[in-house]
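Inspection log for the structure reproduced underneath, given as structure tokens.
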């Protein structure tokens with residue numbers, strides 16, 4: 001299994017529970033993918049997924065188990081909207097929101113328990129032979145193990161690069177790329193710059209979301225605000241320097257009423273931030289080849305989509 005985000009973890013965990021031997025590879029230093037937390041000297045901040053919801057009974061049951069285990073809890077923020085309301089029908093009220101405890105990355109760490117997880121493994125090539133699938137990573141070269149199946153829980157562009165040489169037809173199923181980019185700025189303040197706001201959707205300028213991360217349940221440490229730019233703006237400025245992006249985003253934050261100057265700003269670029277919101281097949285499984293794909297981009301986006309996609313791929317294997 002390649003990719004230790006929520007899709008890969010849910011797939012690997014379900015397969016493991018059914019008696020399959022699963023090895024999970026990820027290029028990062030920890031599991032959880034975009035349900036991520038940035039930790040720096042003296043502060044931390046959820047800089048990927050900000051919260052999640054449960055829209056189906058199956059996922060709601062899983063979330064209830066996570067809450068009972070203490071790795072998430074309901075979040076009741078008072079949210080504002082800056083800028084004009086989007087056109088079209090008025091959206092239905094959002095389901096209950098949840099956040100990871102004490103950070104969003106706790107979800108991945110909990111799902112990874114008991115799994116054979118190999119971190120710092122950037123898989124760069126796949127090869128299928130008589131003995132099964134072999135893989136090569138940039139850090140360790142060709143691995144001595146072989147595998148009956150290879151399952152990719154990766155953004156479509158990354159999955160396509162791996163499978164194009166061995167299955168061009170399947171690789172074509174990952175186009176066009178439905179993932180959207182997102183620039184994120186994390187700003188640490190000595191005094192809260194916007195104490196009257198807990199979080200807000202932004203429909204003006206470069207920003208799409210701002211949140212007082214330090215006021216989420218269970219958080220500790222100094223005042224830290226997370227700012228997300230919208231996908232169109234992020235795409236238009238995808239090659240800008242982090243310093244430039246941070247300055248532009250802080251200026252837009254000030255336009256919302258934020259006061260003061262942060263003592264530290266960290267900027268992160270998510271090239272593959274948000275999955276497609278349109279209906280999608282859920283997962284892709286080619287039994288004859290032993291090759292499968294999962295991810296939120298195949299299941300309508302969101303953490304729930306990632307979890308459901310991984311489970312669906314595991315169920316397809318049996």
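Checking each residue in the stretch 90-126 for being free of Cβ contacts under 8 Å to residues at least 24 places away in the same chain and not assigned by TED's automatic domain parsing to the domain that holds residue 21 picks out 90, 91, 92, 93. Of the residues contained in the stretch 213-220, one or more are found to be assigned by TED's automatic domain parsing to the domain that holds residue 267 and more than 15 Å from residue 51 (Cα to Cα). Only residues that are part of a loop (DSSP other than H, G, I, E, B) and modelled with pLDDT of 95 or more were counted across the stretch 33-54, and they come to 10.
State all residues of the stretch 56-73 that are surrounded by fewer than 16 Cβ atoms within 10 Å (Cβ to Cβ) and in a loop (DSSP other than H, G, I, E, B); if no residue qualifies, say none. Scanning the stretch 56-73 gives 56, 70.
Please go through the stretch 105-116 and pick out each residue that is within 19 Å of the chain's Cα centre (by Cα) and surrounded by fewer than 21 Cβ atoms within 10 Å (Cβ to Cβ).
Correct list: 109, 110, 113.
Yes or no: residue 19 free of Cβ contacts under 8 Å to residues at least 12 places away in the same chain, outside the structural domain of residue 219 (by TED's automatic domain parsing) and farther than 26 Å from residue 262 by Cβ? Yes: the conditions hold for residue 19. Does residue 88 count as buried (at least 19 other Cβ atoms within 10 Å of the Cβ) and either outside any helix (DSSP H, G or I) or modelled with pLDDT under 95 (or both)? No; evaluated as a whole, the condition is false for this residue. In the condition set (1) more than 17 Å from the chain's Cα centre (by Cα); (2) surrounded by 19 or more Cβ atoms within 10 Å (Cβ to Cβ), residue 281 is compliant with all but (2).
Just one of the numbered conditions (1) over 16 Å from the mean Cα position of the chain (by Cα); (2) within 18 Å of residue 3 (Cβ to Cβ) is not true of residue 127: (2).
Could you pull out the residue among 212, 229, 236, 258 that is in contact with a strand residue (DSSP E or B) (Cβ under 8 Å, 6 or more places away or on another chain) and over 19 Å from residue 198 (Cβ atoms)?
Of 212, 229, 236, 258, the one residue that is in contact with a strand residue (DSSP E or B) (Cβ under 8 Å, 6 or more places away or on another chain) and over 19 Å from residue 198 (Cβ atoms) is 229.
If we keep just the residues of the stretch 236-253 that are exposed (fewer than 14 other Cβ atoms within 10 Å of the Cβ) and touching a residue at least 24 places away in the same chain (Cβ under 8 Å), which is farthest from the chain's Cα centre (by Cα)? The residue in question is 243. Under the condition of being crowded, with 16+ Cβ neighbours inside 10 Å and more than 17 Å from the chain's Cα centre (by Cα), the residues counted in the stretch 174-200 number 11.
The values are calculated or read from the model by the stated rules, or taken from the named source; none is laboratory data. None of these values were measured; they are calculated from a predicted model. As a convention, Cβ positions derive from the backbone with ideal geometry for all residues, glycine included, and neighbour counts pool all protein chains shown.
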